[in-house]
Structures are given as C-alpha cells and as structure tokens.
Amino acid sequence: MSVKRITAFIICLLIIGCVFPSCEPTSKASGLGNGTEPVGSMELKFATGFSVDYYQDGCRLITIQDEERFLIVPENVPVPSGISKDIVVLKQPIKNVYIAATAVMCLIDGLDRLDAIRLSGTKADDWYIENAKKSMEEGKILYAGKYSEPDYELILSEGCTLALESGMIGHASEVKDKLEKLGVNVFIDRSSYEAHPLGRTEWVKVYGVLFDAEEKADELFSEQVNLMDSVSGEQKNGKTVAFFRISSSGYAVARKSGDYVSRMIELAGGNYVFSDLGDIGSAMATVNVEMETFFKTARDADIIIYNSTIGGGVSSLDEFLSLSPLMKDMKAVKDGNVWCTGESMYQQTLNTGRIISELNSIFTAEPGDMLELKYFFRLD
C-alpha cells in the first residue's frame, strides 16, 4: 500500500472516531444530577445489592445494583427540580401496590404496612404469611394475576402506580415494558441475589424507606442479626447435613454449594455435605443429582433435612422412605435424625436469623429430643 493510501486511511479512521464516538456504555451520573449532594448514606451490614443516600429535605435515593434509581419524596415535600432523567420519582405515601415478589410480603408485613398493598401476584391459598392470607380472604388485597400474566385492567382500575417484582420479571420483560407504558413504576427486588443470608433480610431497610418505616426496619433487622450471632459464634460441632428433595423424575434436587441455604447451615454450625456442587456463576440455586451419586455423598450425613417447600413434602418417616429404596440405608435415618422444612420457609425472608437459630438447635440436639420449632419438624 502506498504512503498516500496509508495516510488517507488513517485520516478516515480519525474522522470516524470523531463522528461516531466510542459505543461503550457510560455510567449514570451520581447523586440527583442537579448539584445537590447527599448529607449521608445508609449503613449496611451484609447487603450489597442496594444503597440509600439521604438528602437534606428528607428525600431518599435508592440505587439498586448501581443501575436502577428511585427517589422517595416525603409527603408535602416538593419534587426536586433538575434531577437526572433516569431517576424514578415515588411520592409518599405509596399506596395500592401490586406485589409479585413473594419474598417481599413478609418484610412489608413485619413493617405493619400491608395496608399499602392492594394487589397480589400470589393467590390467597399460596400464601403462608397469615396476615397476607387473611387480607386476601377479606378482600383487602386482590389477586391480580401472576408476574408473567398480570391483570392490567384491574391494576389500572385500582390506581396502582408501583409494582414490586422479583428478578423473575427478567423472563417476562414485555410485562415490565407494558406496566411502565401504563404508568406503573416497576421496582425489582434483588434480595435473592445477596450472598449472605442476612443480606436478604437487610432488604427490609429498602421497604422501610419506601413505606416510611425506617426505624421499625432497623429494629427488625437487628433482631435477626442478634439471633444469628447467638449461635454463629459457636464452634462447628462437626455434624454433616444433607438438604434436598426428590423430584418427580427421581433425581435428588440439592442446593448448590455456597447458596444461601447451604450458608445458613454453615452459620448454624453444620457442614453441608456438598462442598463443590453446581456452578458458582449460575443463577440456578439447585442441582439435579442422580440418586446413586447423591447416595455416595449423603449416605453418611449425620442429619437429613428434607425440603418440602417445593413440589410437596412428606409428613412421616415412612413417606420419606418410600421416595427411594436407598433412603433406609442412610445414617441419619438409622439414627432418627431426619427433619423436614415447613412449607412457609421460603416466604420468611424476615426470619432468616430465627431459621439459622433453629438449624443450630437441630444440629446440637440429641436423637429423640423434643424441639418446638416453627420452620422444621422431625420425621417420626
């Protein structure tokens, strides 16, 4: 190539660079974008998926995973002018909310703010939160379709301006787009992505901000931290624990290593039998394991906890043994150390500390001990 052609080529590249700048995404502006600086930020102990900045006029800026931003404006406080266009403004009091994230209901119930919820993506019979179930039976909360098939007409007729969704809405992005086009703001709860079990519980502080109950949120969170601390400081007792269920296709469905359930077991003083199960980078929380492979790892587990929260559970040891002929040869079965979760456990984000405490009671109990637990029961 001649010198002239090379020179012309370089000039073209420079022109293209000027006309079409880099396509790399730029980060969103920090703060409100109008020059107003926060006067403080919320202190977080475990949660990493959100942050909250405080402003002089009482406004709170919630940032979810460094992306979505919501400005919570107190009643009788004017909306700040000149704020960044990406910020969603939510004016208090926030009412007539559509809640499609099941993990959030217990947090709002704990804050005594169920009166802010008008619509549910879960039917009354599927709630294990007593107050939520009762509110639906009394007509205070209406069923408005599940997250992927909401009743848009009902949502609009009830004056809903906020939908609380879980990360599952990512599988139905068209629903999120339509809700927003209809004027319904979408707030995605990311608590399930927290690495630490109490990080999930700490999201109660987000809802304390949304529903003007920050002091109550701090109290609820501190209570669960104290419950966890009361047992997590103890030395591990060496008990090995298998936590699983049997699928209809005959697989053992176990929690992957390092997920929040296996971490609760570790925090309670136990040792989860699967030290390297599943892909850490995968969003899937469970792994299907062939029974023979599962049995080789779990047969000598000191304690079995059968997961009855998905796909139905068992109510007796005989029912458990009928799931697979391999079960009768497991050490925990012979020792009388087979336990089952209550159906409500996965809806109890606010009670993680208590669940860890109950796990510790199971791990330190002697076979035959009678334990009065809320989230687990022994199979006899």
Output yes when any residue across segment 208-216 is more than 30 Å from L359 (Cα to Cα), without any contact (Cβ under 8 Å) to a residue 60 or more places away in the chain, outside the structural domain of I356 (by TED's automatic domain parsing) and outside any loop (DSSP other than H, G, I, E, B), and no when none is. no
Which of the residues that make up segment 115-148 are among the aromatic types (F, W, Y) and assigned to a strand (DSSP E or B)? Y143
Return the residue satisfying two criteria in turn: it lies in segment 248-293 and is part of a loop (DSSP other than H, G, I, E, B) and modelled with pLDDT of 90 or more, and of such residues it is surrounded by the fewest Cβ atoms within 10 Å (Cβ to Cβ). E290
Scanning segment 162-197 residue by residue, those in a loop (DSSP other than H, G, I, E, B), at pLDDT below 95 and either farther than 20 Å from G208 by Cβ or more than 22 Å from the chain's Cα centre (by Cα) (or both) turn out to be A195
Flagged in segment 316-363 as free of Cβ contacts under 8 Å to residues at least 60 places away in the same chain and of a type in the set (S, T, N, Q), in numbering order, are S322, N337, T341, S361
Neighbours by Cβ (under 7 Å, 6+ apart or cross-chain): first from segment 46-66, at positive phi; second assigned to a loop (DSSP other than H, G, I, E, B) and surrounded by fewer than 17 Cβ atoms within 10 Å (Cβ to Cβ): G58/P74; G58/V77
If you scan segment 230-264, which residues turn out to be closer than 19 Å to A365 by Cα and without any contact (Cβ under 8 Å) to a residue 24 or more places away in the chain? G233
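The values are calculated or read from the model by the stated rules, or taken from the named source; none is laboratory data. As the structure is a computational prediction, the values presented were derived from the model and not from experiment. Virtual Cβ from ideal backbone geometry, glycine too; neighbours counted across all protein chains shown.
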